[in-house]
1. What's the percent breakdown of Cα-Cα distances in segment 39-114 across 5 Å bins, shortest bin first?
2. Sort Ile7, Ile36 so the one with the fewest other Cβ atoms within 10 Å of its own Cβ comes first.
3. Please compute the length gained on full extension between Tyr177 and Asp222, using 0.36 nm multiplied by the number of residues separating them and subtracting their Cα-Cα distance.
4. Among 152-160, 86-94, how do they line up from the highest to the lowest mean number of other beta-carbon atoms within 10 Å?
5. How much length is gained if the chain between Lys68 and Glu260 is pulled fully straight, taking 0.36 nm per residue apart and subtracting their Cα-Cα distance, in nm to one decimal?
6. Tell me, what is the FRET efficiency for Glu153 and Thr194 to the nearest 0.05, using R0 = 25 angstrom and their Cβ-Cβ distance as r?
7. List the residues whose amide H sits under 5 Å from the amide H of Gly163, counting only those 5 or more places along or on another chain, with H placed 1.01 Å from N in the peptide plane.
8. Residue by residue through segment 17-26, what is 3J(HN,Hα) from phi via Karplus (6.51 cos²θ - 1.76 cosθ + 1.60, θ = phi - 60°)? Round to whole Hz and write x for glycine and proline.
Amino acid sequence: MSVAATILLETKGLSVAFGGLLALAQVDLTARAGQITALIGPNGAGKTTAVNAVSGVYRPTTGRVFFKGEDITGWKPHRIRRLGLTRTFQNLQVFQNMTVLENVMVGLHLSRTRGDRYLAPWRRSPAGGLDYEFVWAMFRLPGVGGQERRIRERAMATLEFFGLTDKADWPSSALSYGDMKRTEMARALVGEPTLVLLDEPVAGLNARETDEVAELILKTRDTGVSVLLIEHDMNMIMGISDQVIVLNYGQLIAEGTPAEMQQNPAVIAAYLGEETD
Ligand SMILES: Nc1ncnc2c1ncn2[C@@H]1O[C@H](COP(=O)(O)OP(=O)(O)O)[C@@H](O)[C@H]1O
Ligand SMILES: [Mg+2]
């Protein structure tokens, strides 16, 4: 795929400090339309921090974030979501006492509507995520939900894409861990975002499940959704990424094609250094 494709997401000098710790230092990221861009690096490199700063969970300490040519720095998560940027969480946010279908329908409500504007600050989870159960309860009220049938059909189509049709009415607590990861991806994709940020979608999965999710990510890209794939495991991304960006200790140390990254001395050193920790 051509690297001349349109830039969808761009950060310029993005930094995030936690007290004295600079988790992200002057990072310029680029993700292009129609591509799978992998953001990789050892544990603690700043990958999740970058996702949080881009999706509005954290406000960058310095630097700017541009999406679809708009400066979205400091925007609230729901506004960024409505512009077409969704995400999954490294720590799953699947709601156990809701069905699989309900978990996915919530994603559609959030994308198409005012979303977390309904949420008082004490309803937000400490991680900066949403209290989906509360959102769901709100949308069940007469006059708030609306268009219930079409929302249900759209969510069912997304479940089919993810191979979860048979489990639509299961309580999500009954799902395997792999199916919970899929449910979370389905919720991020049901609203047909322009760009989805996937934070370690295969962490904790076995080899077969990892291959299946890799296929789903390729299929997702082929439906026209661009992907920023955060992964810890360099092997998994080599087969499916168009471009790779490598972070280490909060800094961008390399970017290029998967083949280029496999040969890159700085990248090899970062991963070898980790293994000898
Ligand atoms: N909310 C936070 N408060 C303080 N330190 C944090 C917070 N989130 C992340 N960090 C620190 O920032 C660094 C980068 O973390 P993170 O972005 O989670 O890395 P990665 O996702 O690449 O493993 C780590 O040193 C981590 O301990
Ligand atoms: Mg992380």
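Read-outs throughout are calculated quantities, based only on the coordinates presented, and are distinct from any laboratory measurement. In this text, all values refer to a predicted model and were calculated from it rather than measured experimentally. Glycine gets a Cβ as well: all are built from the backbone with ideal geometry, and neighbour counts include every protein chain shown.
1. For segment 39-114, the pair-distance distribution reads 3, 14, 21, 21, 19, 13, 8, 2, 0.
2. With the sparsest Cβ surroundings first, the list reads Ile7, Ile36.
3. 13.7 nm
4. Going from most to least packed, we get 86-94, 152-160.
5. Here the answer is 66.4 nm.
6. My answer for the efficiency is 0.70.
7. Sorted by chain and number, the residues that satisfy this come to none at all.
8. The phi angles translate into 10, 10, x, x, 8, 8, 6, 9, 10, 6 Hz.
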